[in-house]
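Student: The structure that follows is given in the form of structure tokens.
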Amino acid sequence: MKTDNRMEKIVALCKRRGFIFQSSEIYGGLNGAWDYGPLGAELKRNLKADWWRAMTQLRDDIVGMDGSILMSRAVWQASGHEATFTDPMVDCKTCKSRFRADQLATTPCPQKPSKLVNTCGGELTEPRQFNLMFKTYVGPVEDERNLTYLRPETAQAMFVQFKNVLEVSRKKLPFGIAQIGKAFRNEINPRNFTFRSREFEQMEVEFFVRPTEGKVWLEKWLADRLAWYESIGIPRSKITVLDVPEADRAFYSQGTYDLLYEFPFGTEELEGIAYRTDYDLKQHQEASGKPLEYFDEETREKFLPHVVEPSAGVDRTALALLCQAYDEEEVADDKGAKETRVVLHFHPRMAPIKAGIFPLLKNKPELVEKARSITATLRQHFPVFYDEAGAIGRRYRRQDEIGTPFGITVDFETLEGAKDGPLAGQKDTVTLRHRDSMKQERLAITDLLPRLQVALA
Ligand code: ATP
């Protein structure tokens, strides 16, 4: 286990600046549940919007859907979740806690946190299987007939609606369905901040292909997904591709890649890409009695398509973005003395706030008015933040710490004309400060929007 305090600093920043709070905090919290604050909500929205755009808008071969969280219990019986969606669990007779039997060597003992559960001396029971699905009842009568579960993955709605989506979208194989939504798992040991939660969001594609083409599409999806992570600011060098050995795969899978990110607490799964064969459609066809086959008009054949499923976690990817972006740098302050700046180097598309807008002095109405007018224009296009409080250096730092890529300062040269440079003498210019390099340039106010739009594309 790595005990680097980088993770503690990230967790503290998330709370301090409003990315992520503990759920039900004023009541002592609810283990495994998290609330995204103002900045966290924007970060997650940007992440999901980017995935959705990449999966649906930019492709001809995938369409989206938005399924319900509650589904018929029959779905979970047919999919195998009711019988086998379990993790092995052990109880400690000494401290009365429960642990995942396969994670004893990495789980700290609640009574002796410096020790791990496999060495703390507590007496453990034999492992038992524990079903991770949350039970609930549909309707007012809480009996077995009305039992169902909160979905533990979004995937099943896409299998169950396969025929409807195929018909309305008039797609031909290969084609996919994409979905983003909440999933719930009663994890035995939620931990590592949002990494393992009991309520989380997934971004999943079920990609339907001809049975002979499954392996080829598995490789294509691996390349595609790695490129996507790179495009949002997670470099290839921080991702390990695990070719999951047969013994560790679901029995129906003919190949699975796990994409692992190098988090401060260890290298752990962000996404699984699984070649699931025709397992899911076959199960639902048999259990429902409704044909789910695809009819190929060219070959006049009817068959169950095979499926490749890239399944990613929104919360885990958001956490990876935060971990990847977090940095502490030694820089010179306004007076040239050294100070440490905390900065989040988010990709501009992921950044919650795109630009901070600052009048140099708050008691100069002309500066304030110009800065407010720039704010009004830019906020039509993306989230911006107007700030007139405190020294300009402090205002920059506050935006650095939340990853705002641009700072726009309205100063006396805005009113009187630029002193030097290519815009010398020109009025209505501002300084544009770049978060990562901290370099500043002078720009006409009318050029701001197009300039930022290019950077945010
Ligand atoms: P793990 O082995 O870490 O429990 P898994 O292999 O069970 O994950 P999948 O069933 O493949 O996960 O789910 C797909 C994705 O959903 C994961 O890659 C992850 O990003 C996300 N996910 C799964 N469980 C959780 C959880 N408890 N908290 C947050 N995200 C999760």
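The values are calculated or read from the model by the stated rules, or taken from the named source; none is laboratory data. Quick caveat, the model's predicted, so the values are computed rather than measured. So basically every Cβ, Gly included, is an ideal-geometry build from the backbone, and we count neighbours across all protein chains shown. The accessibility values were calculated without ligands, DNA or RNA, using every heavy atom of the protein model including side chains. Shrake-Rupley method; radii C 1.70, N 1.55, O 1.52, S 1.80 Å.
Student: So for segment 157-226, what are the equivalent ellipsoid semi-axes in whole Å, largest first, each being the square root of 5 times an eigenvalue of the Cα gyration tensor?
Tutor: Details: eigenvalues 169, 58, 18 Å².
Semi-axes (√(5λ), whole Å): 29, 17, 10.
Student: Here is a further query. Loop only per DSSP, at most 12 neighbouring Cβ atoms within 10 Å: give me the trypsin sites (Lys or Arg not before Pro) in segment 306-341, ordered by residue number.
Tutor: Working: sites: R316, K335, K338, R341; in loops: K335.
Counting only loop positions with at most 12 other Cβ atoms within 10 Å, the trypsin sites (Lys or Arg not before Pro) in segment 306-341 are K335.
Student: Moving on. From the alpha carbon gyration tensor of segment 196-290, can you work out the equivalent ellipsoid semi-axes (sqrt of 5 times each eigenvalue) and give them in Å, largest to smallest? It would help to have the intermediate numbers written out before the result.
Tutor: Working: eigenvalues 143, 52, 36 Å².
Values for segment 196-290, descending: 27, 16, 13 Å.
Student: Ranked by accessible surface with a 1.4 Å probe, highest first, in what order do R300, R225, R6 come? Write out the running numbers ahead of the final one.
Tutor: Details: R300 160, R225 0, R6 75 Å².
Largest to smallest exposure gives the sequence R300, R6, R225.
Student: Let me check against my output: what whole-number percent is the relative contact order of the chain, with C-alpha pairs under 8 Å and at least 6 apart?
Tutor: Values: 845 pairs, mean separation 54.6, N = 457.
Relative contact order for the chain comes out at 12 percent.
Student: So what's the back-of-envelope 222 nm ellipticity for the chain, counting only DSSP H runs of four-plus at -39500 (n - 2.57) apiece and dividing by all residues, rounded to 500? Write out the running numbers ahead of the final one.
Tutor: On the way: 13 runs with 132 residues, N = 457.
Per the formula, -8500 deg cm²/dmol.
Student: I would also like to ask the following. Could you work out the mean projected area of the convex hull around the alpha carbons of segment 353-456, in square nanometres to one decimal? All intermediate terms of the calculation are to be shown ahead of the outcome.
Tutor: Working: hull surface 24.0 nm².
Mean projected area for segment 353-456: 6.0 nm², to one decimal.
Student: Two decimals, Cα atoms only, Kirkwood Rh: what is Rg/Rh over segment 411-457?
Tutor: Working: Rg = 11.1 Å, Rh = 11.1 Å.
For segment 411-457, the value is 1.00.
Student: Further, regarding this structure: Considering only protein heavy atoms and a 1.4 Å probe, what is the carbon-and-sulfur percentage of the accessible area of segment 353-456? Please report the intermediate quantities before stating the final value.
Tutor: Numbers: 2700 of 5070 Å².
Here carbon and sulfur together make up 53 percent of the probe-accessible area.
Student: Would you mind telling me the share, in percent, of accessible area of segment 1-135 contributed by carbon and sulfur at probe 1.4 angstrom?
Tutor: Ligands and nucleic acids excluded, carbon and sulfur give 52 percent.
Student: Same structure, new question: Rank these by accessible area, largest first, 1.4 Å probe: R16, R433. Mind dumping the intermediate values first?
Tutor: Numbers: R16 135, R433 15 Å².
Final ranking, largest accessible area leading: R16, R433.
Student: Please compute the Cα-Cα pair-distance distribution of the chain with 10 Å bins starting at 0, giving whole percents from short to long.
Tutor: For the chain, the binned pair fractions read 4, 17, 25, 22, 16, 10, 5, 1, 0 percent.
Student: A further question on this structure: Where does the charge balance sit around L70 when Lys and Arg score +1, Asp and Glu -1, over other residues with C-beta under 12 Å from its C-beta?
Tutor: Working: positive: R73, K135, R151, K182; negative: none.
So the environment of L70 carries a net charge of +4.
Student: Further question on the same structure: Once the other residues with Cβ under 13 Å from the Cβ of Q254 are scored (Lys, Arg +1; Asp, Glu -1), what is the net sum?
Tutor: Working: positive: K215, R249, R276; negative: E213, E219, D243, E246, D278, E309.
My count for the surroundings of Q254 gives -3.
Student: May I pose another question? Name the long-range amide H neighbours of Y386: under 5 Å, sequence gap of 5 or more, or other chain; modelled H, no Pro or chain starts.
Tutor: Residues meeting the amide H criterion: I357.
Student: Then there's this: Over segment 117-276, consider all pairs of different Cα atoms and compute the Kirkwood hydrodynamic radius from their mean reciprocal separation; express it in Å, one decimal. Each step should come with its number before you reach the end.
Tutor: Details: mean 1/r = 0.0534 Å⁻¹.
About 18.7 Å, per the Kirkwood formula over Cα pairs.
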